[in-house]
Ligand code: MN
């Protein structure tokens, strides 16, 4: 099941069609296919933004589609403790459960339709992993993690953690009820979502029925990207084909169109997409591993600070470490 669903889509607020007389339709500049890889201790991901110029992604840096994967018992994997500096991570779980914990005291379980929004700012350590029960049982796991850049003046801001529950996500409908729109962050046509971001963005998770059309007003000062989580269709006025694991980058304008194919394959039998955009920061980006800064010197500084323990320390664990027999005691 794709995250949050609505029992009756027709009672939801409807997003108005862009004004046909004045709205400029955004053309599609590129379509790229995400290569598959592995993250952390070995969970499968699709690198959604691979091969796309950072200037076109700005203010976004990186996005991984995690799964969709059906784990066997004992198989689910996460990441070890690792640092971040200079940006925000947005993790959204469609199916399954992920546990997050950070050196700033943030943490919790996120599951179907929940989002965790972590501002790394000046520095944080965190771990992202499936909880023990899920490791034991295995099961379906699907979600994504998006990296949103911070401008120079906020690179070293205090870390922040936001837990956004599925019920807080704003649900909207396309005018004919063919598309369910979940506003995770920013706003769409005056309907705000729950995520609070330093850099202005809009982030939507949209499910289109076979043959449905999504024709959205989109702020002209934001860039516009559509990524397919599952299914197939076309994008833009020229109907460029787009399918699972592909990203469309749109050009300038104030409206965008996605059409779902009439026949959808896969378990959902729907077209499931992310629509995202934000205000470009337009600063130099020096990104390496877990750090996103403006200059190479700042990257070197980030590594030095991490090595010196200045990005935080791993909190003490009290709950999951089995007690070792005390040295010197005989176990009978
Ligand atoms: Mn991380």
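The values are calculated or read from the model by the stated rules, or taken from the named source; none is laboratory data. Source: prediction; values computed, not measured. Neighbour counts are summed over all protein chains in view; Cβ atoms, including those assigned to glycine, are modelled from backbone coordinates with ideal geometry.
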So, restricting to strands (runs of 3 or more DSSP E) that lie completely within segment 97-141, which ones have at least 1 residues that are under 20 Å from residue 42 (Cα atoms)? 97-102, 107-111, 124-129
Show the residue pairs meeting these rules: Cβ distance below 7 Å; 6+ apart or different chains; first residue within segment 264-289 and under 30 Å from residue 300 (Cα atoms); second residue modelled with pLDDT of 95 or more and surrounded by fewer than 17 Cβ atoms within 10 Å (Cβ to Cβ). 279/221; 281/151; 283/151; 283/152; 284/295; 285/54; 286/295; 286/296
For segment 86-142, which positions are farther than 19 Å from residue 303 by Cα and in contact with a helix residue (DSSP H, G or I) (Cβ under 7 Å, 6 or more places away or on another chain)? 96, 97, 112, 113, 114
Check off (1) within 21 Å of the chain's Cα centre (by Cα); (2) not in a strand (DSSP E or B) for residue 211 and give me the number that stays unchecked. (1)
Positions within segment 180-208 being within 18 Å of residue 149 (Cβ to Cβ) and in a loop (DSSP other than H, G, I, E, B), in sequence order: 186, 196, 197, 198, 199, 200
When the residues of segment 130-147 are filtered to those that are free of Cβ contacts under 8 Å to residues at least 60 places away in the same chain and more than 28 Å from residue 206 (Cβ to Cβ), which remaining residue is nearest to the chain's Cα centre (by Cα)? 131
Inspect all residues belonging to segment 193-204 and state whether any of them is within 16 Å of the ligand (Cβ to nearest atom) and over 24 Å from residue 105 (Cβ atoms). no
Return yes when residue 91 is within 11 Å of the ligand (Cβ to nearest atom) and assigned to a strand (DSSP E or B) and no when it is not. yes
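Any idea how many residues of segment 146-165 are surrounded by fewer than 21 Cβ atoms within 10 Å (Cβ to Cβ) and either in contact with a strand residue (DSSP E or B) (Cβ under 6 Å, 6 or more places away or on another chain) or over 20 Å from residue 123 (Cβ atoms) (or both)? Spell out the reasoning first.
Taking segment 146-165 first, the residues surrounded by fewer than 21 Cβ atoms within 10 Å (Cβ to Cβ) are 151-154, 156-158, 160-163, 165.
Retained after the next criterion (residues that are either in contact with a strand residue (DSSP E or B) (Cβ under 6 Å, 6 or more places away or on another chain) or over 20 Å from residue 123 (Cβ atoms) (or both)): 160-163, 165.
Looking only at that region, the number is 5.
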Which of the residues belonging to segment 59-84 are surrounded by 18 or more Cβ atoms within 10 Å (Cβ to Cβ), in a strand (DSSP E or B) and within 11 Å of the ligand (Cβ to nearest atom)? 62, 64, 83, 84
Looking for whichever is more than 15 Å from the ligand (Cβ to nearest atom), in contact (Cβ under 8 Å) with a residue 24 or more places away in the chain and under 21 Å from residue 293 (Cβ atoms) here; the options are 113, 122. Which one fits? 122
